[in-house]
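The values are calculated or read from the model by the stated rules, or taken from the named source; none is laboratory data. Because the structure is predicted, anything quoted here is derived from the model rather than measured. All Cβ positions, even for glycine, are placed from backbone atoms using ideal geometry, and neighbour counts span all protein chains on display.
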């Protein structure tokens, strides 16, 4: 079984619509929908916005469904001029950009564990490779591998976004992916992140965010469907 976690309903509804034999179960106030997509067993869930929601959802999914892998799919904002609205980013690793214990001598983004610290949560190489390959098959869509940064703040200011790019080398920022990666790392579950860019460094150039979130989500739905079909 493959677990698919989305932050918002608009990101998940297209995936659920492609599934057969669906059943829904509520766990801790979250609706987990199981079914089959291209003959593969999947469980799809909307975790809600933010790192705590994402982490709680990931652990519930792992405990109740024992997935062989988890994919976080959704939209993100550009923090690099290399990507713009409609582009796809397949993460190679993720980082919690708002994690800050620098007063204790750590680097920003480092997470402390009993046996040391860790800044980046590496994505499964095979998942990332397959996601990248199917994304490249989507017409008129630029796809890049890179780092995705997550934090509990919606960042619209261009200067703040560029600071995240400068500090972590990230292409995109959002509010869930690294928390999912954090839990998967601790639980030993392979994971991947796929993000479509819904807003760019120029604050959409006057474009409507909601409209482009839906358009970007359509691309992630296509990519996930093709990923499962090819798996």
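Answer yes or no: is there a residue in the stretch 175-195 that is under 17 Å from residue 81 (Cα atoms), in contact (Cβ under 8 Å) with a residue 24 or more places away in the chain and under 13 Å from the mean Cα position of the chain (by Cα). Can you show your working first?
Quick first cut of the stretch 175-195, residues under 17 Å from residue 81 (Cα atoms) only: 195.
Within this subset, residues satisfying the condition of being in contact (Cβ under 8 Å) with a residue 24 or more places away in the chain are 195.
Going one step further and asking which of them are under 13 Å from the mean Cα position of the chain (by Cα), we end up with 195.
Yes, some residue in the stretch 175-195 is under 17 Å from residue 81 (Cα atoms), in contact (Cβ under 8 Å) with a residue 24 or more places away in the chain and under 13 Å from the mean Cα position of the chain (by Cα).
Just one of the numbered conditions (1) under 15 Å from the mean Cα position of the chain (by Cα); (2) farther than 25 Å from residue 144 by Cβ; (3) modelled with pLDDT under 95 is not true of residue 104: (1).
Can you find even one residue in the stretch 59-68 that is in a loop (DSSP other than H, G, I, E, B) and closer than 30 Å to residue 140 by Cα? Explain how you work it out, then say what you get.
Step one: filter the stretch 59-68 for residues in a loop (DSSP other than H, G, I, E, B), giving 66-68.
Add one more test, that the residue is closer than 30 Å to residue 140 by Cα, and what stays is none.
No, the stretch 59-68 contains no residue that is in a loop (DSSP other than H, G, I, E, B) and closer than 30 Å to residue 140 by Cα.
Yes or no, residue by residue, for (1) assigned to a loop (DSSP other than H, G, I, E, B); (2) touching a strand residue (DSSP E or B) at 6+ places or on another chain (Cβ under 6 Å):
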site	(1), (2)
92	no, yes
95	no, yes
107	yes, no
130	no, no
134	no, no
139	yes, no
145	no, yes
149	no, yes
156	yes, no
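When every residue of the stretch 201-214 is checked against the conditions, at least one turns out to be closer than 25 Å to residue 42 by Cα and part of a helix (DSSP H, G or I).
Quick grid of which residues meet (1) in contact with a helix residue (DSSP H, G or I) (Cβ under 9 Å, 6 or more places away or on another chain); (2) over 17 Å from residue 69 (Cα atoms); (3) exposed (fewer than 14 other Cβ atoms within 10 Å of the Cβ):
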site: 130; (1), (2), (3): yes, no, no
site: 141; (1), (2), (3): yes, yes, no
site: 156; (1), (2), (3): yes, yes, yes
site: 161; (1), (2), (3): no, yes, no
site: 170; (1), (2), (3): yes, yes, no
site: 179; (1), (2), (3): yes, no, no
site: 189; (1), (2), (3): yes, no, no
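Among the residues making up the stretch 1-19, those that are touching a helix residue (DSSP H, G or I) at 6+ places or on another chain (Cβ under 6 Å), in a helix (DSSP H, G or I) and under 24 Å from residue 190 (Cβ atoms) are 11, 14, 15. For the stretch 52-73, indicate whether the set of residues that are at positive phi and in contact with a strand residue (DSSP E or B) (Cβ under 8 Å, 6 or more places away or on another chain) is non-empty. Looking through the stretch 52-73, none of the residues is at positive phi and in contact with a strand residue (DSSP E or B) (Cβ under 8 Å, 6 or more places away or on another chain).
Matching residues to (1) part of a loop (DSSP other than H, G, I, E, B); (2) exposed (fewer than 14 other Cβ atoms within 10 Å of the Cβ):
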{"position": "21", "(1), (2)": "no, yes"}
{"position": "25", "(1), (2)": "no, yes"}
{"position": "33", "(1), (2)": "no, no"}
{"position": "36", "(1), (2)": "no, no"}
{"position": "41", "(1), (2)": "no, no"}
{"position": "45", "(1), (2)": "no, no"}
{"position": "48", "(1), (2)": "yes, no"}
{"position": "54", "(1), (2)": "no, no"}
